[in-house]
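The values are calculated or read from the model by the stated rules, or taken from the named source; none is laboratory data. The model shown is predicted, which means the values in this text are computed figures rather than measured ones. As a convention, Cβ positions derive from the backbone with ideal geometry for all residues, glycine included, and neighbour counts pool all protein chains shown. Side chains included, ligands, DNA and RNA excluded: accessible areas come from the protein's heavy atoms. Shrake-Rupley method; radii C 1.70, N 1.55, O 1.52, S 1.80 Å.
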Amino acid sequence: MNVIRVRGPVRLAGTTYVSGSKNAVLPIMAASILAPGTHYIENVPFLVDVVNMAQILHDLGIDTYWVDSKPVEIEEAGRLGPHVIRRTQRHPAWSGYPDWRTPGDGMIEINVGDIVSDTASYEAVSRMRASISVLGPLVARVGHARVSMPGGCVIGPRPVDLHLKGLRTLGAKVELQGGFIEASAAGLQGDRIYLGGPRGSTVLGTATVMSTACLAEGVTVIEHAAQEPEVVELATFLRNAGARISGDGTHRIIVEGVSSLHSAHHRVIPDRIEAGTLACAAVATGGEILIENARFDHLFALWDRLQSAGAFIDEVGGATMVRGQKRPQATDVSTFPYPGFPTDLQAQMAGVLVRAEGTSVITDRVFPERFWYAPEMTRLGARIRVEIPSATVQGTDRLWGAEVAARDLRGAAALVIAALSAEGETVIRDGGHLYRGYEDLPSQLKFLGADISVEGVSGDVEDSL
Ligand code: EPZ
């Protein structure tokens, strides 16, 4: 059982950094299936979900290694432009982390040769929803794929109907057999596809169609595409691999199919959700932090809500300054697809507003049921009433430490944030969830002055699975 202990109240202060983006890396790893060769991805965070994706690729015959970030001589150096990478040691990523890892400086090498299997198992997919991202690339590369239907999860139902609609429109035959998605295509034909769903567009659905369309015959136009920065990251990686994609970052993406793709080299953007989580922790504690390498332009919706809660936010020479008031002001939050307020920061914002002066209403229009953290926060003295798709938060100026339980990644981060401003000790059970999406949030917070410790969670994969 892994436990995180937080003693408060504390006021965070100091300078911190942000790791590479989890939600950019995972679709890029899956899309590498499309392109035989050796790919290098820099600024990859040491996360459980990266190991999970490496395990899925390993089962398909694709081996991913952590490499230290020295340059290595590679015969395709010319193909990768002037950048030369020297590898002096490597570690199989599907078996965990190297003991020589330096958080914030991960690099992976993905060796894509022949595909030896077309199946992503129920066990793998049930562990990580992003596994669905291998479906389209497998169909495009080898003509068939068998991927377990992802179940629901604690944040609510996770349908994939839009992914399947996209594949069918490109000419794939898609059936559901015994809990598996069976997809096959003798050849793929570009077409126009509308990806708007009941709650806006779909991030991984856009990734699925954009990746698959790279090897389809002719032109594909994706209408109502997701505009998240992570979609732009994937498009950039695919262009580096020879794909012809334009319009990424807008609601309309155009893909001109090509006959094949090749090795690519890519450096991943900083994780905007990690940056936003650190900013919420600073504001919740009335602290002042400088985030060295956050992409300020990726978080305008969060800056708007934090300023409405009384915080001072500024971009200072490439870094982001975040300063909270002694006690936040109440404000309302509604989540939407990018560039709206991210659903992945909704719980962390609750961690701020539970101590605000006044009453706030948080509405999640992307995952309406994403409020399981609320009853856990009430154990700290928070006053939250959930009526799906909203939570009404009546701010209180004092919270008290208690024992709580984490059930998913972002909810776990929210409980840590609330605990930082609670008086006394909070014990967070199942704290290992954090390490699915944060390299080492407890250490980052400790460096900013938090009194936080972890037990049974070494940050190694075994402890966190
Ligand atoms: C991605 O999930 C992220 N995960 C999620 O982050 C994030 O919360 C989500 O996008 C929304 O921003 C990764 O990138 C690995 P969606 P994804 O398809 O793509 C509905 C985290 O904490 N929908 O954009 O699976 C769906 O039910 C994770 O890092 C359909 O109706 O989310 C939801 O209401 C959690 N049909 C909405 O669209 C479909 O076929 C958005 O889902 C697909 C989705």
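What FRET efficiency comes out for Glu357 versus Tyr194 if R0 is 56 angstrom and r is the Cβ-Cβ distance? Round to the nearest 0.05. Kindly include the intermediate steps, with their values, before the conclusion.
Details: r = 44 Å, r/R0 = 0.79.
FRET efficiency, Glu357 to Tyr194: 0.80.
Below 11 angstrom from the Cβ of Ala309, what's the summed charge of the other residues (Lys, Arg +1; Asp, Glu -1)? Walk me through the intermediate numbers first.
Numbers: positive: Arg305, Arg327, Arg355; negative: Asp304, Asp332, Glu357.
Local charge sum for Ala309: 0.
For the stretch 358-465, which trypsin sites (Lys or Arg not before Pro) pass both filters: DSSP loop (anything but H, G, I, E, B) and at most 13 other C-beta atoms within 10 Å? Could you put the intermediate results ahead of the total?
On the way: sites: Arg365, Arg370, Arg379, Arg383, Arg385, Arg398, Arg407, Arg410, Arg429, Arg436, Lys446; in loops: Arg365, Arg370, Arg379, Arg398, Arg407.
Filter output for the stretch 358-465: Arg398.
Go from 0 up to the bin containing the longest alpha carbon distance in the stretch 22-267, width 10 Å each, and give me the % of pairs per bin.
8, 34, 38, 17, 3
Counting only heavy atoms of the protein chains, get the accessible area per residue of the chain (1.4 Å probe) and round it to a whole Å² value. Intermediate results must be reported in sequence, preceding the final value.
Values: 16730 Å² over 465 residues.
Spelled out: the 1.4 Å probe surface of the chain, per residue, equals 36 Å².
What's the local net charge at Ile62, with K and R +1, D and E -1, over the other residues with C-beta under 14 Å away?
Numbers: positive: Arg141; negative: Asp59, Asp63, Glu109, Asp114, Asp118.
Counting the neighbours of Ile62, the net charge comes to -4.
Can you send over the carbon and sulfur percentage of the accessible area for the chain, probe radius 1.4 Å, protein chains only? Provide the component values of the computation, followed by the final result.
Working: 8100 of 16730 Å².
Carbon and sulfur atoms account for 48 percent of the accessible area of the chain.
For the pair His262 and Ser117, how long in nm is the line joining their label points, each one 7 Å along Cα→Cβ?
With each label placed 7 Å out from Cα toward Cβ, I get 3.2 nm.
Once you have the Kirkwood Rh of the chain from its Cα pairs, apply Stokes-Einstein at 37 °C and 0.692 mPa s and quote D in µm²/s. Can you show the working numbers first?
Values: Rh = 22.4 Å.
The Stokes-Einstein estimate is 146 µm²/s.
Working out 0.36 nm times the residue gap between Leu176 and Asn293, then minus their Cα-Cα distance, what length gain in nm do you get to one decimal? Could you put the intermediate results ahead of the total?
Numbers: separation 117, 0.36 × 117 = 42.12 nm, distance 4.37 nm.
Extra length available between Leu176 and Asn293 comes to 37.8 nm.
Computed from the mean reciprocal separation of all distinct C-alpha pairs, what Kirkwood hydrodynamic radius does the stretch 145-186 have, in Å?
Details: mean 1/r = 0.0911 Å⁻¹.
Its Kirkwood hydrodynamic radius stands at 11.0 Å.
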